[in-house]
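Q: Please read through the structure below; I'll follow up with questions.
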Amino acid sequence: MTNQLDKKSQAWSALFSEPMSELVKRYTSSVFFDKRLWQADIAGSLAHAEMLGHQGIISAHDLADIQRGMAQIHSEIESGAFEWKLDLEDVHLNIEARLTQLVGVAGKRLHTGRSRNDQVATDVRLWLRGEIDLIIELLSALQKAMVDAAADHTETILPGFTHLQVAQPVSFAHHLLAYVEMFARDAERMADVRRRTNRLPLGSAALAGTGYPLDRERVARTLGMVDADGVAQVCHNSLDAVSDRDFAMEFTAAASICMVHVSRLSEELILWMSQNFGFIQLADRFTTGSSIMPQKKNPDVPELARGKTGRVVGHLMGLITLMKGQPLAYNKDNQEDKEPLFDTVDTLKDTLRIFAEMMGGITVNASAMQAAARRGYATATDLADYLVKKGLPFRDAHEVVAHAVKTAQGLGLDLADLPLETLQTFNSAVQADVFECLSLQGSLAARNTLGGTAPQRVLAEIARHRNRLD
Ligand code: ARG
């Protein structure tokens, strides 16, 4: 069987008097990266063909040929036997050409009522939908690992910082759960992006729709492009459907925000692991040594994650810039959406996977954390609150405690180490019960509002997260 596409090397040859230059071929071809869309491409083609058959646009015989050919192509690609050709530009033309080679004329009928413009938009959406589902699962695994780690540390106290200055004591569990909240919102954002990604461009053809009596809703249902009530989701304007890539921008924005969360966590892990903090150790399998300094254990994984955040944010900038000058409808510029999108997905998935494992294997140095909380007068606010309970206006109490801290600093002591008589010189309302509030444990237990660091509250949050994540 001869293959027209193969022979002429181009899908549009008749009009052209000379072949495309080799350089241009390489410049314009996308097959070596977009072949990654092959499963989506085959699924989209099968759904389209089934609908063409159902509508009587192609015969049942043609449909059967297409299905048989696609099944073979599927196994050829899966086994690595499929020969990808640069000459055939992209994944779509490669698969279509092979189909025609395998089943003849039925293969040439597949493209009825379709264009590569609505085809590629459909493929990218289908592919991304599957990736978003994986990312949501990975976010869930990471959250679970962090909730489990938190469960061991509701009474482990470290300084909470503002401006990287010791502020008030918090539990390590509370600190970890802050990130769980961030990752939970990241998962929500992904689910939201998925809703808008999961809409069908196919049937828009090149840009204006098509004269064939297509049933687009049927194709959407076949491809699972339905809402929560099972209602088919199709793009309602053909110009928009083939040309906008806002779902890709939106996804990359959500991915960037998620990476920024990972990056902030990374920065803390790196600080905590440094000798100056000494709060944690990462498991050895997540660290590297130095080729010259034998004593070193470096937090390469969090450092790389922090670095890769720049890369993902860069992809977001790339995609946004890609779209900003494009007139309606499809322009070849859009082919440039794939590499940034693919790399964003790969980077985010690898990062989430490795963090889920890493966060499960952290060793905590509770005494170093506690000592650090002691060093910075972390309970000064508690002393002010104590005086407020004794009747002082908060602003006055604040002033009194500032004097107390200054005195303690001069003596090189913590507030809790000052004798009662000394504390009473700052304000006569101070009684022996003051020492309860000056302890780190007392400070934690007092912060028992919803969202606060009191162990009781944090335990309730752990239960809520576990319930939500199961
Ligand atoms: N490889 C192209 C892309 O990724 C497919 C669409 C080509 N359409 C066209 N009219 N040249 O966007």
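The values are calculated or read from the model by the stated rules, or taken from the named source; none is laboratory data. Values in this document were obtained by computation on a predicted structure and should not be read as measured data. Counting neighbours? That spans all protein chains shown, and the Cβs are built from the backbone with ideal geometry, glycine included. With ligands, DNA and RNA removed, areas are computed over all heavy atoms of the protein, side chains included. Shrake-Rupley method; radii C 1.70, N 1.55, O 1.52, S 1.80 Å.
Q: List every residue pair whose Cβ atoms sit under 6 Å apart, with the two residues 6 or more apart in sequence or on different chains, where the first one lies in region 325-348 and is of a type in the set (S, T, N, Q) and the second, anywhere, is open to solvent by 10 Å² or more (accessible area, probe 1.4 Å) and part of a helix (DSSP H, G or I).
A: Qualifying pairs under 6 Å: Q326/D333; T344/H315; T347/K308.
Q: Here's something else I'd like to know. For region 213-312, please list each of the helices (runs of 4 or more DSSP H) lying entirely inside it that holds at least 2 residues being of a type in the set (S, T, Y).
A: Fully inside region 213-312 and qualifying: 238-243, 246-273.
Q: Of all residues being within 16 Å of the ligand (Cβ to nearest atom) and assigned to a helix (DSSP H, G or I) in region 104-120, which is most open to solvent (accessible area, probe 1.4 Å)? Just the residue, please.
A: For region 104-120, the residue satisfying everything is R116.
Residue-wise test of (1) modelled with pLDDT under 95; (2) not in a helix (DSSP H, G or I).
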site: T2; (1), (2): yes, yes
site: A14; (1), (2): yes, no
site: F32; (1), (2): no, no
site: A43; (1), (2): no, no
site: E50; (1), (2): no, no
site: G56; (1), (2): no, yes
site: L63; (1), (2): no, no
site: R68; (1), (2): no, no
site: E76; (1), (2): no, no
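Q: Out of (1) open to solvent by 70 Å² or more (accessible area, probe 1.4 Å); (2) outside any helix (DSSP H, G or I); (3) at pLDDT below 95, what's the single condition that is false for L450?
A: The number of the failed condition is (3).
Q: Additional query: Could you list, ordered by first residue, the pairs with Cβ atoms under 6 Å in which the first is in region 20-38 and open to solvent by 30 Å² or more (accessible area, probe 1.4 Å) and the second is more than 12 Å from the ligand (Cβ to nearest atom), at least 6 apart or interchain?
A: Cβ pairs passing all conditions: K35/W84; W38/I77.
Q: Let me ask something else about it. Here is a check on your reading of the model: is L134 within 28 Å of the chain's Cα centre (by Cα), more than 16 Å from the ligand (Cβ to nearest atom) and in a helix (DSSP H, G or I)?
A: Yes.
Q: Confirm whether V405 is within 20 Å of M369 (Cβ to Cβ), open to solvent by less than 70 Å² (accessible area, probe 1.4 Å) and outside any loop (DSSP other than H, G, I, E, B).
A: So V405 does not fit the description; no.
Q: Okay, moving on. What do you reckon, is Q295 more than 17 Å from A149 (Cβ to Cβ), away from the ligand (no atom under 16 Å from the Cβ) and either in contact (Cβ under 8 Å) with a residue 24 or more places away in the chain or open to solvent by 20 Å² or more (accessible area, probe 1.4 Å) (or both)?
A: Values: more than 17 Å from A149 (Cβ to Cβ): yes; away from the ligand (no atom under 16 Å from the Cβ): yes; either in contact (Cβ under 8 Å) with a residue 24 or more places away in the chain or open to solvent by 20 Å² or more (accessible area, probe 1.4 Å) (or both): yes.
Considered against the rule, which asks whether it is more than 17 Å from A149 (Cβ to Cβ), away from the ligand (no atom under 16 Å from the Cβ) and either in contact (Cβ under 8 Å) with a residue 24 or more places away in the chain or open to solvent by 20 Å² or more (accessible area, probe 1.4 Å) (or both), Q295 comes out as yes.
Q: I've got another one for you. Could you give every pair whose Cβ atoms fall below 9 Å, whose first residue belongs to region 69-98 and is open to solvent by 30 Å² or more (accessible area, probe 1.4 Å), and whose second residue is within 16 Å of the ligand (Cβ to nearest atom) and of a type in the set (K, R), counting only separations of at least 6 or pairs across chains?
A: W84/K35; L86/K25; L86/R26; D87/K25
Q: Regarding L128, is this residue within 14 Å of the ligand (Cβ to nearest atom), within 18 Å of F32 (Cβ to Cβ) and not in a loop (DSSP other than H, G, I, E, B)?
A: no
Q: Moving on. So which of E339, E357, E421 is at negative phi, open to solvent by 60 Å² or more (accessible area, probe 1.4 Å), within 16 Å of the ligand (Cβ to nearest atom) and in a helix (DSSP H, G or I)?
A: After ruling out the rest, the residue left standing is E339.
Q: Sort through A373, A416, A368 and tell me the only one that's within 24 Å of H163 (Cβ to Cβ), assigned to a helix (DSSP H, G or I) and modelled with pLDDT of 95 or more. Write out each step before concluding.
A: Details: A373 fails: modelled with pLDDT of 95 or more; A416 fails: modelled with pLDDT of 95 or more.
Checking each option against the conditions leaves just A368.
Q: Give L322, L316 a once-over and let me know the one that is more than 19 Å from L265 (Cα to Cα) and within 16 Å of the ligand (Cβ to nearest atom).
A: Just a single option satisfies the conditions, and that option is L322.
Q: Moving on to the next point. Filter region 141-166 down to the residues that are open to solvent by 30 Å² or more (accessible area, probe 1.4 Å) and either in a strand (DSSP E or B) or not aliphatic (A, V, I, L, M) (or both) and list them by number.
A: Initially, region 141-166 is screened for residues open to solvent by 30 Å² or more (accessible area, probe 1.4 Å), giving 141, 144, 148, 151-153, 155, 161-166.
Across region 141-166, the qualifying residues are K144, D148, D152, H153, E155, F161, T162, H163, Q165, V166.
Q: Separate question: Kindly indicate the residue of region 325-336 that is part of a loop (DSSP other than H, G, I, E, B) and within 14 Å of the ligand (Cβ to nearest atom) and also least open to solvent (accessible area, probe 1.4 Å) among those meeting that condition.
A: The first filter runs over region 325-336 and keeps only residues part of a loop (DSSP other than H, G, I, E, B), leaving 325-331.
Filter once more, keeping what is within 14 Å of the ligand (Cβ to nearest atom): 326, 328-331.
Working: Q326: 36, L328: 127, A329: 10, Y330: 67, N331: 37 Å².
Across region 325-336, the extreme among qualifying residues is A329.
Q: While we're here: Of all residues in region 424-438, how many are open to solvent by less than 40 Å² (accessible area, probe 1.4 Å) and assigned to a loop (DSSP other than H, G, I, E, B)? So that I can check it myself, show each step before the final result.
A: If we filter region 424-438 for residues that are open to solvent by less than 40 Å² (accessible area, probe 1.4 Å), which is where we start, we get 427, 429-430, 434, 437-438.
Retained after the next criterion (residues that are assigned to a loop (DSSP other than H, G, I, E, B)): 427, 429-430.
Summing the residues that are open to solvent by less than 40 Å² (accessible area, probe 1.4 Å) and assigned to a loop (DSSP other than H, G, I, E, B) in region 424-438 gives 3.
Q: Residues in region 20-79 that are within 16 Å of the ligand (Cβ to nearest atom) and of a type in the set (V, I, T): how many?
A: Adding up the residues that qualify gives 4.
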